[in-house]
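Below you'll find the structure, written out as structure tokens, and then a few comments.
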């Protein structure tokens with residue numbers, strides 16, 4: 001039988017078993033009272049059946065047993081018997097916790113025992129020369145990933161979906177790795193695992209009718225970690241892809257765990273306690289629907305997996321380029337999420353609670369702008385390296401690398417001098433404007449000219465390519481403007497996909513004052529208003545857009561718009577509205593119970 005047909009049949013069998021077992025387990029869980037009830041530190045708002053992990057584990061085990069007996073070539077699964085047995089131990093540990101609520105330290109000890117046992121059978125990473133170091137890091141990796149998936153199980157469909165995507169990229173990377181191919185037991189176990197996940201996900205995606213519980217999340221995390229640490233998965237002569245490929249495949253659980261741990265520590269909260277402060281919760285707090293929040297994290301998981309695939313297929317330099325760009329995007333995105341307030345208003349960070357630390361923090365972050373400077377040092381250096389790499393298409397790059405190293409300090413000094421000279425560090429990121437972009441253009445251009453002059457003076461520009469500096473100018477301008485506009489771009493993207501959380505308003509007047517009113521509504525969360533669009537008596541403005549919000553019509557459409565868009569308030573933001581039109585609008589609003597307010601601008 002074709003091995004790929006074997007994988008497809010194994011996946012289908014596991015999927016069918018999981019899809020059939022999950023509703024049965026849900027029925028039994030409800031009957032026995034195994035229900036997750038709403039709590040202050042939990043996300044769900046209605047009682048939901050637990051024990052979904054039993055369905056995942058049961059479907060997976062039944063599918064493995066059936067595959068061994070029914071499908072040819074399944075004998076390769078026997079090599080993974082230690083992984084199955086250790087995963088069984090972790091599953092039982094989670095199941096007992098679901099029923100009897102074990103102390104965190106008890107679960108941790110059990111996970112360490114299972115991880116150490118698995119590593120002793122050869123399921124380990126080989127990142128370092130030291131055998132001892134690899135052993136300790138392998139145990140830590142398995143325990144960390146297991147708990148990362150446990151923490152990631154905080155919203156409908158999140159943990160199971162991320163595990164499915166991660167498994168998919170493990171399949172792809174396994175197929176392209178040397179020494180792997182048809183008949184590989186690893187591909188077969190991943191096919192069985194993915195089928196069990198997808199069958200459960202049918203009932204776990206929002207709105208979920210069953211949760212996997214710790215029995216499911218711990219089992220999923222342990223199995224994923226065990227497969228990813230198997231010594232035959234990754235082969236490379238460079239340490240960067242060896243370490244980063246498995247990290248990128250499991251990017252979301254690793255990042256979310258680290259992010260939550262840092263934020264809770266910063267606010268003096270226990271890392272082990274539950275809470276509504278995960279990445280998914282912050283996306284919902286911004287205004288995204290649960291499904292879109294989960295799909296957003298799915299998207300980052302797909303991006304991470306894609307970069308990992310690039311690492312498995314291409315050279316180190318290409319992988320490094322994609323890796324840095326992906327990490328920069330992730331850095332700005334999660335930096336934005338860190339600003340979302342999910343803790344009580346009166347709860348402060350340990351920095352804010354200490355006068356001395358507050359003084360230092362303000363001095364470093366606001367007065368000295370040291371973090372921005374460090375970021376720009378990295379972006380200037382990476383953009384210069386990337387220019388060389390793109391100019392020589394990775395081929396003759398190595399022979400020109402000495403030129404890059406020799407001139408990097410000069411270029412860095414010239415660009416930083418231009419940044420300071422043109423006031424790049426005087427702006428506020430969230431309010432970046434066209435004037436700021438012009439400043440960035442001047443700073444980058446001047447710094448580039450200064451760099452070329454310095455190189456001509458010192459090295460007579462011998463051996464240097466003019467094309468490199470043209471590429472460098474474009475990349476650096478993109479990096480500088482992109483980093484400063486990142487908060488606005490993220491906010492706008494999320495806002496376009498968000499649901500209304502405040503009173504829905506129309507702005508009467510699609511002029512400068514109306515645009516100001518829109519910006520104030522969007523930037524001032526305390527107003528608790530959600531703009532729907534504009535109305536204006538000037539027909540030439542109809543169907544035009546201001547910052548993405550359409551001019552929906554004139555005064556004659558007010559009644560229809562109020563009903564259609566559930567408008568609760570109209571803000572008058574123009575002095576040029578004819579009194580009769582304004583009076584007619586107020587009359588309609590009064591009849592429909594809609595508030596009319598004037599936008600007042602005053603300087604006292």
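Nothing in this text is a laboratory measurement; each read-out follows from the coordinates by a stated rule. Just so we're clear, the structure is a prediction, and the values are computed from it rather than from any experiment. In this analysis, Cβ positions are derived from the backbone assuming ideal geometry, glycine residues included, and neighbour counts consider all displayed protein chains.
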Problem set entry | Quotient of C-alpha Rg and 2.2 N^0.38 Å, computed over the chain | 1.14
Exercise. How big is the equivalent ellipsoid of segment 384-474 along its three axes, where each semi-axis is √(5λ) from the Cα gyration tensor, reported in whole Å from largest to smallest?
Worked result: 27, 15, 10
Exercise. Which value in nm describes the separation of the simple spin-label points at residue 464 and residue 580, placed 7 Å from the Cα toward the beta carbon?
Worked result: 7.1 nm
For this session: Mind ranking 155-166, 407-418, 556-567 by how tightly packed they are, going by the mean number of other C-beta atoms within 10 angstrom, highest first?
Result: 155-166, 407-418, 556-567
For this session: Along Cα→Cβ, 7 Å out, is where each label goes; now give me the distance between the ones at residue 393 and residue 493 in nm to one decimal.
Result: 3.0 nm
For this session: Round to the nearest 0.05 the FRET efficiency obtained for residue 538 and residue 306 when R0 = 41 Å and r is the Cβ-Cβ distance.
Result: 0.30
Exercise. If packing is taken as the mean number of other Cβ atoms within 10 Å per residue, what is the order of 581-590, 302-311, highest first?
Worked result: 302-311, 581-590
Seminar exercise, completed: Each label sits 7 Å from Cα toward the beta-carbon; between residue 587 and residue 405 the label points are separated, in nm, by 8.2 nm
For this session: Just the number, please: percent antiparallel of the DSSP beta bridges in the chain, rounded to the nearest 5.
Result: 25 percent
For this session: Determine the gain in length on full extension of the stretch residue 527-residue 430; use 0.36 nm per residue of separation and subtract their C-alpha separation, reporting nm with one decimal.
Result: 33.1 nm
Exercise. Mind listing the Cα extents of segment 3-239 along all three principal axes, in Å, largest one first?
Worked result: 51, 40, 26
For this session: Take each of the peptides 100-111, 14-25, average the number of other beta-carbon atoms within 10 Å over its residues, and list them starting from the highest.
Result: 14-25, 100-111
Problem set entry | Percentage, to the nearest whole number, of Cα pairs in segment 503-598 over 16 Å apart | 48 percent
